[in-house]
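The values are calculated or read from the model by the stated rules, or taken from the named source; none is laboratory data. Source: prediction; values computed, not measured. Quick reminder, even Gly has a Cβ in these numbers, built from the backbone with ideal geometry, and neighbours come from all protein chains shown.
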Amino acid sequence: MKRYIPYLLVGMVFGFVLIKSEAASWYRIQEMFHFQSFHMFGIMFSAIITALISTQIIKRLGDRKAMDGQPIEIPDKPAGRVSYIAGGVVFGVGWGLIGLCPGPVFALAGTGSIGAIVVLAGALHGTWLYGALKRYLPH
Amino acid sequence: MDWLYQPWPWYVAGPLIGLMVPTMLFIGNRSFGISNNLRHLCAITQPPNVEVDFFRYNWKEHIWSLVFVIGTGLGGFLAGVVFANPEPVKLSIATQEMLLAWGFTQPGAYLVPDELFHTSVRNFTFLFASGVLVGFGTRYAGGCTSGHAITGLSTLQLPSLYAVLGIFAGGLFASWFLVPWMLS
């Protein structure tokens, strides 16, 4: 069990930040998609820049090992185009409607929001539906 | 300790979220991303007589990921309940005017509007159906905002750029056309 503690702690920081930054706010997401504030764009851009710089540093480290001793590797996403665009559009429509993407769903559910739990239930059904229809979909 | 209760500006929140990527690599060579957990939860709950291959794998190898989102929920509880911000969301003037025009009476009073999230058959149908789109889309695209927009773009992956363009296009369509139509 002890090896899971770091994940729990980092997950807690993530959930705390999502609520404190209001990234889990339906209002903030509408504001973003209407280009009415820099707030959400600032979060996204500064997150990407921070991750970009730190992963570039990790790539240049000679002996890069994780805490548990295994070498750090950054795997490539499988090549493709159709599934990424089509899946992205479907997800984006859902995100624009309810203003919650998967991370904030979990954070908001933690605040006791029944609505967030309903979204989560829907998301699980959507995920299962994809699994069932996968072979009929273009990828 | 005011900072624990107040909302955090983007230049604090963004870098902290970005640091999730190297932190997860350092902890156990993990790729930062949330939506895979939806798949794991399906794998856990799928009855043995239902044989969708996509959910037939050893989910126990991914417990670390489920522990992460349990943490996300706990973090949400701490930030949204224990250290709750008593003030409304400080939306831009333009957004407040748009929301008033859409018929909201107290824009930003809480993180999410009561008009869409309080308990009613209509709201829960809307939330569930939109949730289906989120779950279906993220798995079809192989990731969500965390896995593609943050981890994918920051590690310079072309597929993630396609996904992010799709996500933003879908979000614009929903926010500009579907939401106003639904509220009218």
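Just checking, which of A:Ile53, A:Ile117, A:Ile48, A:Ile29 is within 7 Å of chain B (Cβ to nearest Cβ) and either at pLDDT 95 or above or more than 15 Å from the chain's Cα centre (by Cα) (or both)?
A:Ile48
Name the pairs whose Cβ atoms lie under 9 Å apart, with the first residue in the range B:159-184 and over 14 Å from A:Met32 (Cα atoms), the second surrounded by fewer than 22 Cβ atoms within 10 Å (Cβ to Cβ) and basic (Lys, Arg), and 6 or more positions between them or separate chains?
B:Pro159/A:Lys77; B:Pro159/A:Arg81; B:Ser160/A:Lys77; B:Tyr162/A:Arg81; B:Ala163/A:Lys77
With respect to the numbered conditions (1) assigned to a helix (DSSP H, G or I); (2) modelled with pLDDT of 95 or more; (3) over 30 Å from B:Phe55 (Cβ atoms), which one is the sole condition not fulfilled by B:Leu111?
(1)
Could you give every pair whose Cβ atoms fall below 6 Å, whose first residue belongs to the range B:24-45 and is closer than 20 Å to A:Gly15 by Cβ, and whose second residue is charged (D, E, K, R), counting only separations of at least 6 or pairs across chains?
B:Met24/B:Arg30; B:Gly28/A:Asp68
Which one of these is surrounded by 24 or more Cβ atoms within 10 Å (Cβ to Cβ) and either at the interface with chain B (Cβ under 7 Å from one of its Cβ atoms) or within 19 Å of B:Ile150 (Cβ to Cβ) (or both): A:Gly131, A:Gly42, A:Gly80, A:Gly126?
A:Gly126
Out of (1) in contact with a Cys (Cβ under 8 Å, 6 or more places away or on another chain); (2) outside any helix (DSSP H, G or I); (3) within 7 Å of chain A (Cβ to nearest Cβ), what's the single condition that is false for B:Gly33?
(3)
Okay, residues lined up against (1) in contact with a helix residue (DSSP H, G or I) (Cβ under 6 Å, 6 or more places away or on another chain); (2) free of Cβ contacts under 8 Å to residues at least 24 places away in the same chain; (3) within 22 Å of B:Val69 (Cβ to Cβ); (4) acidic (Asp, Glu):
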site: A:Gln30; (1), (2), (3), (4): yes, no, no, no
site: A:Thr50; (1), (2), (3), (4): yes, yes, yes, no
site: A:Pro71; (1), (2), (3), (4): no, yes, no, no
site: A:Asp76; (1), (2), (3), (4): no, yes, no, yes
site: A:Gly103; (1), (2), (3), (4): yes, no, yes, no
site: A:Val119; (1), (2), (3), (4): yes, yes, yes, no
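On the given criteria, is B:Leu91 surrounded by 13 or more Cβ atoms within 10 Å (Cβ to Cβ) and not in a helix (DSSP H, G or I)?
yes
State yes or no: is B:Tyr110 free of Cβ contacts under 8 Å to residues at least 24 places away in the same chain, on the phi < 0 side of the Ramachandran plot and surrounded by fewer than 21 Cβ atoms within 10 Å (Cβ to Cβ)?
Judged against the criteria, B:Tyr110 is a match.
Checking A:Ile58 against (1) over 18 Å from B:Ile150 (Cα atoms); (2) at pLDDT below 95; (3) among the β-branched types (Val, Ile, Thr): exactly one of these is not met. Which one?
With respect to (1) over 18 Å from B:Ile150 (Cα atoms); (2) at pLDDT below 95; (3) among the β-branched types (Val, Ile, Thr), A:Ile58 is out only on (1).
Quick one: count up the residues across the range B:131-148 that are part of a helix (DSSP H, G or I) and within 12 Å of the chain's Cα centre (by Cα).
Count: 7.
Select from the range B:125-152 the residues that are surrounded by fewer than 20 Cβ atoms within 10 Å (Cβ to Cβ) and of a type in the set (A, V, I, L, M, F, W, C) and write down the one among them that is nearest to A:Leu120 (Cα to Cα).
Step by step, filter the range B:125-152, then rank; the result is B:Phe128.
Would you be able to say whether some residue in the range B:122-129 is free of Cβ contacts under 8 Å to residues at least 12 places away in the same chain, part of a helix (DSSP H, G or I) and closer than 26 Å to B:Lys90 by Cβ?
The answer is yes; a qualifying residue exists.
Return the residues of the range B:96-129 that are farther than 26 Å from B:Pro86 by Cβ and touching a helix residue (DSSP H, G or I) at 6+ places or on another chain (Cβ under 6 Å); say none if nothing qualifies.
Selection gives B:Phe124, B:Phe128.
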